[in-house]
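Nothing in this text is a laboratory measurement; each read-out follows from the coordinates by a stated rule. Given the structure is predicted, the values throughout are model-derived calculations rather than measurements. Heads up, the Cβs are rebuilt from the backbone with ideal geometry, glycines too, and the neighbour counts pull from every protein chain shown.
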């Protein structure tokens, strides 16, 4: 149904007008590259998150030297909440962090593939590990909700993993997140080895196949 300017409701809207599925010959929305790390789509009313869009983000992550790429869904830094797609490949390292300076909760929903969420105590010891996957596996879920101020990271366990992330806004790079002092930052020596040990523990706990990537040899 739709309402015309006079206030009358049209109850005879064509069926195709209500259809939200993208037709086979319709192109997915154009994605603007706003940085080496992220794209954004300038949709005005809404955006359908469907397999073609996820495929494009998976391709972006596979081309990225860091093994992941983000697609921004919110309209700007002032939007509340902030929403995005995170495409992650195995071996990409998300530095453990928390959102506390300006407290922000965060929700993670797996749309494709498989990932694990690790929560740490203040000393850097893993406190909770959660397996997120769309495939039926013992102990697996599809989403994880984090309270504000909790140390955490995310580990991609399968190629082609895409996670929908939502957290409080507005965004301010100066206060958005605080990196853990007990873990290496992305790009630092030891980061790949730290991730490998963390992932090995997850795979052992959930009885998964060995990881598919190897950290670079130490120089």
Length-normalised contact order for the chain - Cα pairs under 8 Å, 6+ apart - percent: 20 percent
Matching label, Rg and Dmax of the Cα atoms in Å computed from the structure shown, candidates (1) 18.4, 61; (2) 19.7, 73; (3) 23.0, 91: (2)
Relative contact order (%) - the range 89-193, alpha-carbon pairs under 8 angstrom, separation at least six: 42 percent
Overall form of the range 85-151 per C-alpha gyration tensor (a/c, 1.5; a/b vs b/c): prolate
Nearest-ten-degree value, helix 191-205 long axis tilted from longest Cα axis of the chain: 80 degrees
Estimated inter-spin distance, residue 105 and residue 178, nm [label 7 Å along Cα→Cβ]: 2.1 nm
Separation in nanometres of the label points that stand 7 Å from Cα toward Cβ, at residue 185 and residue 148: 2.5 nm
Cα-based helix-to-principal-axis angle, 51-63 vs the chain, degrees rounded to 10: 40 degrees
